[in-house]
1. Using beta carbons and a limit of 8 Å, which pairs, at least six apart or on different chains, have the first residue in region 20-49 and under 24 Å from L79 (Cβ atoms) and the second one open to solvent by 90 Å² or more (accessible area, probe 1.4 Å)?
2. Just checking, how many residues over region 49-92 are part of a helix (DSSP H, G or I), open to solvent by less than 90 Å² (accessible area, probe 1.4 Å) and farther than 17 Å from I22 by Cα?
3. Just one of M89, M64, M1 is touching a residue at least 60 places away in the same chain (Cβ under 8 Å) and not hydroxyl-bearing (S, T, Y); which is it?
4. Taking region 58-76 as the search range and keeping residues that are among the β-branched types (V, I, T) and modelled with pLDDT of 90 or more, which one is farthest from the chain's Cα centre (by Cα)?
5. In region 13-22, is there at least one residue being of a type in the set (S, T, N, Q), at pLDDT below 95 and within 18 Å of the chain's Cα centre (by Cα)?
6. Taking the condition of being surrounded by fewer than 14 Cβ atoms within 10 Å (Cβ to Cβ) and assigned to a loop (DSSP other than H, G, I, E, B), how many residues in region 5-48 meet it?
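The values are calculated or read from the model by the stated rules, or taken from the named source; none is laboratory data. Keep in mind the model is a prediction, meaning the values are calculated, not measured. Note that each Cβ is placed from the backbone with ideal geometry, even for glycine, and that neighbours are counted across all protein chains shown. Quick note on the areas: whole protein, heavy atoms, side chains included, nothing else; ligands and nucleic acids left out. Shrake-Rupley method; radii C 1.70, N 1.55, O 1.52, S 1.80 Å.
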Amino acid sequence: MVPALLGVVILLINIMIWVIIIQAVFSWLVAFNVINTYNNGVRQFLYLLERITDPLYRPVRAFMPDFGGIDFSPIVVILLLHLLARFLMSLQLQAVGM
């Protein structure tokens, strides 16, 4: 039971990492005017990505210094999520008995 639950949590962490990557790429595309934000569907999709990722970024942004317009919080959050996933993988392997 515990290894399966850990597997689901690891899967959710990996999905969050990909959501952060997608959000970062879309923010670059918006910054370089590749994506038209006047389209309602695009604007709603960007709003959804922001609502998903902002609770993860907010605590990191609170202690990071200002880098003058460059936001490194997605990189920090991805690294932290990756470390958490590796830790949970080791717990999962210990629970299985490998």
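1. Matching pairs, first to second residue: Q23/E50.
2. Total meeting the criteria: 10.
3. Being touching a residue at least 60 places away in the same chain (Cβ under 8 Å) and not hydroxyl-bearing (S, T, Y) holds for just one of M89, M64, M1, which is M89.
4. Selected residue: V60.
5. Checked region 13-22: no residue is of a type in the set (S, T, N, Q), at pLDDT below 95 and within 18 Å of the chain's Cα centre (by Cα).
6. Adding up the residues that qualify gives 7.
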